[in-house]
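Reviewing the structure listed below.
Just so it is clear, none of the values below were taken in a lab; they were calculated from the coordinates. This is a predicted model, so every value here is computed, not measured. We place every Cβ from the backbone using ideal geometry, glycine too, and count neighbours over all the protein chains shown.
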Protein chains: 6
Amino acid sequence: MTEIGERYERGWNLLKTIDGEAGERVIASLRDVAPDLASYIIEFGFGDVYARGVLSLKEREIATVAALTALGNAQPQLKVHLHGALNVGCSREEVVEVLIQMAVYAGFPAALNGIAALRDVLAERDA
Amino acid sequence: MTEIGERYERGWNLLKTIDGEAGERVIASLRDVAPDLASYIIEFGFGDVYARGVLSLKEREIATVAALTALGNAQPQLKVHLHGALNVGCSREEVVEVLIQMAVYAGFPAALNGIAALRDVLAERDA
Amino acid sequence: MTEIGERYERGWNLLKTIDGEAGERVIASLRDVAPDLASYIIEFGFGDVYARGVLSLKEREIATVAALTALGNAQPQLKVHLHGALNVGCSREEVVEVLIQMAVYAGFPAALNGIAALRDVLAERDA
Amino acid sequence: MTEIGERYERGWNLLKTIDGEAGERVIASLRDVAPDLASYIIEFGFGDVYARGVLSLKEREIATVAALTALGNAQPQLKVHLHGALNVGCSREEVVEVLIQMAVYAGFPAALNGIAALRDVLAERDA
Amino acid sequence: MTEIGERYERGWNLLKTIDGEAGERVIASLRDVAPDLASYIIEFGFGDVYARGVLSLKEREIATVAALTALGNAQPQLKVHLHGALNVGCSREEVVEVLIQMAVYAGFPAALNGIAALRDVLAERDA
Amino acid sequence: MTEIGERYERGWNLLKTIDGEAGERVIASLRDVAPDLASYIIEFGFGDVYARGVLSLKEREIATVAALTALGNAQPQLKVHLHGALNVGCSREEVVEVLIQMAVYAGFPAALNGIAALRDVLAERDA
């Protein structure tokens, strides 16, 4: 197995662990137009960065949810990582806290749109 | 003591615990032009939001450092919260991980400017 | 009545005056997932900040519409405050001017998306 | 013919050449609420800036697609300029490259949302 | 006089009225590298947009200060328009209110950096 | 040589070709605090993405300069890539065109700050 293969395999396993079906759908959606972007997400995003350790996956998802909520222009990816946060051990209450805290740093609209994303994610999970 | 007084006191204690001298300097800098903004930071930001519990202060600082790095337009506040993260129990290695992870979600320039802020903060702390 | 109660009451009255039904719907939408975020919007956003005086409510809504248009990632909140601006005395022509001016500072896409939001808001009001 | 008329005519011809029907729809959509904004887009955006030469129209569309993808809050305008890029000589493969490159500078969510916009644009063109 | 000449003259007079010396320095700074960008600022920004009327210059500067504070990546231009706001009739107290209000919509870092810009501007004016 | 080694070598050569000394300084600056971030820039940013072909290096630098100017919060990286654009064949006039065009999509402050960065870069190169 080549070195690139190891990065891909490690990343793919982490992506499935963290983002679950929501993450697999993102990868599948890239197959027709930009399959290499999917490879970079798996190899670099997950195989290199998420695999680094030092932080727990829960801490990494707290960081990602915070960042995507603050940026405010990445609603589909925020939903994937709200699933991710809940998948790796954040409680619903903890996720809500991250979103509320973003009101302080990125303003209330960012927090409100984060809560709207969470409402959709919770509905999916409760269905 | 009035209810407002309790929020202020609770917030001021948390701000000092988390951000330390760097945070106190922010508050002091507002005295002449906008003292009420300082009160809102203390009462709402710390007295209401940081005091909520559910997340540990370490988890809250991870979220804040992630968000400010991703936004990329709040370098002075990022430095305050890099101090904050280190003050409430993040190791230097953990803070570096949060910054590197932001390359995935906000691009390499955001991560690079985060590392530059950290370099300044570490120099201050080592001095 | 506690001090917190006064902030809430003052904020709630201002929110209803400014944002009307559109604002009440935002608050109602938070009840299930993040009711405390609704309280902070009312107490801090309206009870503390909008209640400060010095600027007229019309001037405050001009500032808010300008900011949300420029940020460009807060379309639902922009619609609420386009209602708000019209509710507190801005004419349609004045609101259009604020949106056009944003082309200078945030680019034409920001202004175009602001006009799209206004078109929806005017249709709601004319219905 | 007045000088303003020349800027308008030059801009209108360029807008039609570059953005085609997608651009004409943007202009038409402004007629009721903000027709002057349409004039500024035509006169300043196209009649002044795009008409400057020095760069080819293909290079100008590469710049625009890159910027709108990185900003991440201008999805409708990104779609117009994905059409524009394809209209002035970019291949589909070249457009995909610009979008993938944005992962490096603005993060993977920006690139992913760019690819989603492109998928819609390609479906329209293939229809 | 050509039509372009009228737009330039009208814009230049407005720019001097609003932004004063701070604005003239911006224009002068463009002479060597990008003089045409200076012309567009004068002709389009001031000659077209600021000259439209409907809003008072004070209301226009409130909108601009709000937008630039919220965007958070345009500190030099924010300083020019803080001068502008004060030049066209905003009191210092009114400008502070706009900046504080931005904490609600763009977060506390945006407001803090706005206050820092104002402190510099006030020092210049008091000198 | 391992596969990772090839990505690094290919990336390092491209980084030196494109960004030259300015890019090497970025990598060197990461050695003490976050050397792995330097590796990711070289391996993923240059070894994977810039090495893809399809677009010329000149077209890639036009895209990068446009994106960083529009984002407006990455001034140090914009300077590196203004060097990069000039290194791979853009004339000064072409770079100015990219920056002016950003006024249309991201507003005049973004374009003005881009010109300020270019002025510094040209001064370095003329020294």
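General observations
- Each stretch of four or more DSSP H residues adds -39500 (n - 2.57); spread over every residue of chain D, this sum gives -25000 deg cm²/dmol at 222 nm.
- Peptide D:115-121 has a mean of 3 when you count, residue by residue, the C-beta atoms of other protein chains within 10 Å of its C-beta.
- Counting charges near residue B:44 (Lys, Arg +1; Asp, Glu -1) among other residues having Cβ under 11 Å from its Cβ returns a value of -2.
- The trypsin sites (Lys or Arg not before Pro) of the stretch B:1-84 that DSSP puts in a loop, and whose beta carbon has at most 14 other beta carbons within 10 Å, are B:31.
- Rounded to the nearest 0.05, the FRET efficiency derived from the C-beta distance between residue C:123 and residue B:29 at R0 = 51 Å is 0.65.
- Cβ charges +1 (Lys, Arg) and -1 (Asp, Glu), total dipole of the protein assembly as shown, debye: 0
- Summed residue charge, Cβ within 12 Å of residue F:117's Cβ, Lys/Arg positive, Asp/Glu negative: 0
- Chain E, relative contact order [Cα under 8 Å, separation at least 6], %: 25
- Cα gyration tensor category, rounded, prolate or oblate, for the stretch F:55-127 with a/c compared to 1.5: oblate
- Phi-derived couplings, Karplus 6.51 cos²θ - 1.76 cosθ + 1.60 at θ = phi - 60°, listed residue by residue for the stretch D:48-58: 8, 7, 5, 7, 6, x, 6, 9, 6, 4, 4 Hz, with x used for Gly and Pro.
- Chain C: angle of helix C:3-29 to the longest principal axis, Cα-based, in degrees nearest 10: 40
- Cut-off 11 Å between beta-carbons: net charge of the residues surrounding residue A:55, Lys and Arg +1, Asp and Glu -1: -2
- Across all Cα atoms of chain C, the radius of gyration (one decimal) and Dmax (whole number) stand at 14.8, 49 Å.
- Residue of chain D with the Cβ closest to the rotation axis carrying D onto A, and that distance rounded to whole Å: D:73, 3.
- A point 7 Å from Cα along Cα→Cβ stands in for residue B:36, and the other copies hold the same point at 2.6, 3.3, 4.7, 4.7, 5.5 nm, listed in rising order.
- Simple Cβ-charge dipole of the stretch D:1-56, Lys/Arg +1 and Asp/Glu -1, about Cα centre, in debye nearest 20: 140
- Cα centroid separation, the stretch B:67-99 to the stretch A:73-87 (Å): 22
- Treating each Cα of the protein assembly as shown as one equal point scatterer and applying the Debye formula with no solvent, the log10 of I(q)/I(0) at q = 0.06, 0.07, 0.09, 0.11 Å⁻¹ comes out as -0.33, -0.46, -0.78, -1.23.
- Beyond 14 Å, the tail of the calculated P(r) for the stretch D:1-52 holds 47 percent of the Cα pairs.
- Using a 7 Å Cα-to-Cβ projection, residue E:125 label spacings across copies, nm, ascending: 3.2, 4.0, 4.0, 5.0, 5.2
- Positive-pole candidate from E:56, E:111, E:88, dipole of chain E, charges at beta carbon: E:111
- Lysines with Cα under 18 Å of residue C:16, excluding same-chain neighbours fewer than 8 positions away: C:58, C:79
- Each copy carries residue B:13; placing its label point 7 Å along the C-beta direction from Cα gives inter-copy distances of 3.4, 4.7, 6.3, 6.3, 7.5 nm, listed from smallest up.
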